[in-house]
Ligand SMILES: Cc1cc2nc3c(=O)[nH]c(=O)nc-3n(C[C@H](O)[C@H](O)[C@H](O)COP(=O)(O)OP(=O)(O)OC[C@H]3O[C@@H](n4cnc5c(N)ncnc54)[C@H](O)[C@@H]3O)c2cc1C
């Protein structure tokens with residue numbers, strides 16, 4: 001297995017800046033993106049036609065660090081910005097591993113093993129450029145975790161019962177779209193719609209689409225109080241998700257649990273997004289919890305990642321940049337002084353952080369050799 005100088009997680013402006021800089025400095029890298037396209041985070045969150053502003057925050061004196069990633073000063077629409085960036089990726093021949101989701105990092109002496117949904121890679125450094133929209137955790141334990149987060153292709157779910165998890169608009173929308181596709185194909189297999197609470201919260205328009213599906217004969221079964229419990233691999237090697245659907249108290253501290261088990265490939269979890277703090281915690285990266293005395297900008301209870309001026313985390317060799325560390329982090333100043341550092345979620349910062357982290361990795365590499 002090759003050992004890369006850097007494993008870059010996320011192909012947004014931050015991750016792409018890392019790749020371009022790494023190429024320029026002659027470092028080897030692997031770039032992992034969970035979406036179907038580069039910039040998937042932006043594609044998923046910007047409205048169509050939105051203008052992209054090349055904002056440089058007040059107090060910043062440097063120009064945009066990488067021209068290819070700078071939005072046009074005329075505030076071009078998002079579609080044009082994406083085409084320009086895609087052309088640059090082609091120009092630099094940047095290899096991007098699309099549809100490959102980063103899952104974990106295992107530290108092994110002077111290097112890391114990066115675990116994804118498809119493979120494992122070895123690298124001396126890791127840059128976390130996964131932005132700020134990290135999918136909500138299903139809260140399950142066990143060895144099987146891979147579940148779809150949205151409905152890319154409804155046809156993939158034809159012919160098999162499917163479980164959609166979540167109590168909001170995104171889940172309702174997936175249920176309605178899938179039901180429509182199944183009806184059109186004459187597929188009577190059930191769509192189970194599970195939510196851990198009793199009440200579902202959906203907007204009128206979404207509720208109307210869903211009601212229409214039910215009236216037109218969509219085979220939808222609602223599971224209230226459905227709690228995802230365990231991800232496991234069964235004896236046939238199939239990854240499965242077990243959900244608890246009922247809990248009955250039979251006295252003397254004994255409970256009777258009823259549940260269902262679905263192949264993970266037939267589960268779609270629309271459980272919203274959260275900031276990256278829980279993920280940083282799972283990776284063992286040191287964060288500070290804000291209290292009134294410690295933080296002036298962030299709310300009490302917010303967890304802030306600790307970073308050196310080069311964006312290195314408390315784990316030597318692991319860096320975090322861009323949206324993932326916005327809007328605030330804790331800067332470890334050279335002399336060991338900690339400072340709550342404002343960091344606007346802007347393309348400019350994502351690109352600048354990426355370039356700086358890669359320069360630090362290059363410097364470290366040359367001092368090691
Ligand atoms: C509606 C909206 C409008 C905005 N308008 C502007 C603007 O006009 N100008 C401006 O400067 N900024 C704007 N921003 C902010 C700007 O988009 C962000 O600052 C920038 O995208 C951050 O870049 P990033 O690379 O850090 O993260 P992202 O762009 O979020 O990229 C992260 C990438 O990582 C991928 N990823 C996530 N998790 C994983 C994983 N586990 N494995 C593999 N890949 C993963 C995601 O799919 C994504 O492609 C806007 C933001 C929003 C939401």
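On a 0 to 90° scale, report how tilted helix 13-24 is relative to the longest principal axis of the chain, with both axes built from alpha carbons and the result rounded to the nearest 10. Once rounded, the angle reads 50 degrees.
When DSSP beta bridges are restricted to pairs lying wholly in the chain, around 55% turn out antiparallel. When you count the other C-beta atoms within 10 angstrom of each residue and take the mean per peptide, 177-183, 224-230 line up highest first as 177-183, 224-230. With R₀ set to 25 Å, the beta-carbon distance separating residue 43 from residue 203 gives a calculated FRET efficiency near 0.65.
Converting the Cα gyration tensor eigenvalues of the range 81-228 into ellipsoid dimensions via √(5λ) gives semi-axes, longest first, of 36, 21, 15 Å. Computed per residue of the chain from DSSP H runs no shorter than four, each worth -39500 (n - 2.57), the mean residue ellipticity at 222 nm is -7500 deg cm²/dmol. Spherically averaged projected area of the convex hull of Cα atoms, the range 171-244: 5.9 nm². Ranking of 147, 115, 89, 250 by neighbouring Cβ atoms within 10 Å, starting from the fewest: 250, 115, 89, 147.
The fraction of Cα-Cα pairs per 10 angstrom bin, counted from 0 for the range 141-269, comes to 13, 41, 33, 11, 2, 0 percent, rounded to whole percents. Note on residue 156 and residue 230: the model spin-label points, each 7 Å out from Cα along the C-beta direction, lie 2.6 nm apart. In terms of overall dimensions, the chain has a Cα radius of gyration and Dmax of 22.7, 70 angstrom. Ranking of 340, 213 by neighbouring Cβ atoms within 10 Å, starting from the fewest: 340, 213.
Across the range 141-269, the relative contact order, built from alpha-carbon pairs under 8 Å that are at least six residues apart, equals 31 percent. Please give the Cα centre distance for the range 267-290 versus the range 69-92, rounded to the nearest Å. Distance between centres, Cα-based: 30 Å.
Simple spin-label estimate for residue 111 and residue 335 gives 4.0 nm between the two label positions (7 Å along the Cα-to-Cβ direction from each Cα). According to the calculation over all Cα-Cα pairs in the range 103-166, the P(r) per 5 Å bin from zero is 3, 11, 18, 19, 19, 14, 8, 5, 2, 0 %. Cβ crowding within 10 Å, taken as a proxy for footprinting-reagent exposure, orders 137, 209 from fewest neighbours to most as 137, 209.
Average projected area of the Cα convex hull of the range 225-351, in nm²?
If I average the Cα hull's projected area over directions, I get 13.1 nm².
When only Cα pairs under 8 Å and 6 or more residues apart are kept, what is the percent relative contact order across the chain?
Answer for the chain is 19 percent.
Quick check: the angle from helix 204-215's long axis to the longest principal axis of the chain, C-alpha only, nearest 10 degrees? Computed tilt is about 40 degrees. With the cut-off at 1.5 for a/c, could you classify the range 1-47 from its C-alpha gyration tensor as rounded, prolate or oblate? Taking the square roots of the gyration eigenvalues as a ≥ b ≥ c, the range 1-47 is oblate. Roughly how tilted is helix 169-184, in degrees to the nearest 10 and between 0 and 90, from the longest Cα axis of the chain? Approximately 60 degrees, to the nearest 10.
Centre-to-centre, using Cα atoms only, the range 96-141 and the range 309-361 are separated by 19 Å.
With a Förster radius of 25 Å applied to the C-beta separation of residue 180 and residue 50, the computed FRET efficiency comes to 0.35.
All of the numbers you see were taken from the coordinates with simple rules; none came from a lab. These figures come from a predicted structure and were not determined experimentally. In this analysis, Cβ positions are derived from the backbone assuming ideal geometry, glycine residues included, and neighbour counts consider all displayed protein chains.
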